[in-house]
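The values are calculated or read from the model by the stated rules, or taken from the named source; none is laboratory data. Fair warning: this is a prediction, and the values are worked out from it, not measured in the lab. Heads up, the Cβs are rebuilt from the backbone with ideal geometry, glycines too, and the neighbour counts pull from every protein chain shown. What goes into the accessible areas is simple: the full protein's heavy atoms, side chains included, and nothing from ligands, DNA or RNA. Shrake-Rupley method; radii C 1.70, N 1.55, O 1.52, S 1.80 Å.
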Amino acid sequence: MKELRDAILKQGFGIGHDIVKVDMFLNHRLDIALLTNIGQAFQEAFAGQQVDMILTIEASGIAAAITTAQAFGNLPVIFAKKSKTTSTINRDVYEAKVFSFTHNTENYIRIAKSYLPANANVLIIDDFLANGEAAEGLAEIVRQAGANVVGIGVCIEKGFQAGGQKLRNEGYRVVSLATVTGIENGKLMLAEEKTDA
Ligand code: 5GP
């Protein structure tokens with residue numbers, strides 16, 4: 001997606017060799033015009049499929065999840081909540097363990113069972129795809145519910161980390177709107193624009 005690639009090149013930067021910072025439009029300050037077009041791009045990418053709800057993870061996936069839900073005609077958005085501990089008392093939740101790449105911590109993510117019905121067609125949306133932990137955790141929760149993952153849409157895929165390949169090998173349809181291939185002295189390298197997103 002050209003508009004997103006341009007924003008990454010103009011307003012994003014890298015830290016070290018593996019952290020991408022896009023706080024100017026995606027992770028702190030939100031560029032609503034860009035996010036609206038991101039939602040539209042995900043809707044076009046998954047237009048041929050039945051999508052009943054959008055699933056994401058708090059906090060930074062929520063903005064793109066909302067604009068995607070709007071592009072599909074105001075679908076419900078569910079966001080998984082993060083917690084440091086497992087829920088031993090609450091049996092009304094689905095839960096999965098997720099290792100956070102950016103914070104180097106292990107979290108549990110949780111969704112109330114009542115919001116994720118069996119057989120629902122779920123589109124997973126997130127801001128970044130790195131090692132695929134967040135997406136795998138969300139997909140695991142969809143599996144626990146007996147629902148169906150339609151696909152996984154990420155704004156920015158870090159092509160130099162293994163998540164994208166892993167998820168595709170597992171058979172998920174993964175659509176990324178921009179792919180960062182590397183970081184050189186703080187400068188972000190991007191893959192050529194794909195024709196399918
Ligand atoms: P994964 O679970 O695929 O390893 O990492 C994806 C999650 O970690 C996303 O939800 C995103 O919030 C965060 N993340 C991973 N890498 C980066 C990064 O380079 N920059 C930012 N801002 N977030 C990242």
Counting only strands (runs of 3 or more DSSP E) wholly inside the range 133-197, the ones holding at least 2 residues that are of a type in the set (D, E, K, R) and open to solvent by less than 20 Å² (accessible area, probe 1.4 Å) are 148-158
Considering residues that are touching a residue at least 24 places away in the same chain (Cβ under 8 Å), over 22 Å from Asn104 (Cα atoms) and open to solvent by 40 Å² or more (accessible area, probe 1.4 Å), the number found within the range 6-24 is 1
Only one of Ala135, Ala130 is within 10 Å of the ligand (Cβ to nearest atom) and closer than 16 Å to Tyr94 by Cα, namely Ala135
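Give me the residue from the range 49-108 that is within 12 Å of the ligand (Cβ to nearest atom) and part of a loop (DSSP other than H, G, I, E, B) and, out of that set, surrounded by the fewest Cβ atoms within 10 Å (Cβ to Cβ). Give the derivation first.
If we filter the range 49-108 for residues that are within 12 Å of the ligand (Cβ to nearest atom), which is where we start, we get 56-65, 79-80, 82, 96-107.
Now drop any that are not part of a loop (DSSP other than H, G, I, E, B), which leaves 58-61, 101-104.
Details: Glu58: 11, Ala59: 12, Ser60: 20, Gly61: 25, Phe101: 18, Thr102: 12, His103: 9, Asn104: 7.
It comes out as Asn104.
Pick from Asn37, Asn27: which is modelled with pLDDT of 95 or more, within 11 Å of the ligand (Cβ to nearest atom) and crowded, with 16+ Cβ neighbours inside 10 Å?
On the way: Asn37 fails: within 11 Å of the ligand (Cβ to nearest atom).
None of the other options fit; the residue is Asn27.
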Residue pairs within 6 Å by beta carbon, gap of at least six or interchain, first lying in the range 128-155 and modelled with pLDDT of 95 or more, second of a type in the set (S, T, N, Q) and open to solvent by 10 Å² or more (accessible area, probe 1.4 Å), listed first then second, are Ala130/Gln161; Asn131/Gln161; Asn148/Asn121; Val150/Gln49; Val150/Asn121
Those residues of the range 13-24 which are part of a loop (DSSP other than H, G, I, E, B) and either at positive phi or near the ligand (Cβ under 9 Å from one of its atoms) (or both) amount to Gly16, Asp18, Val22
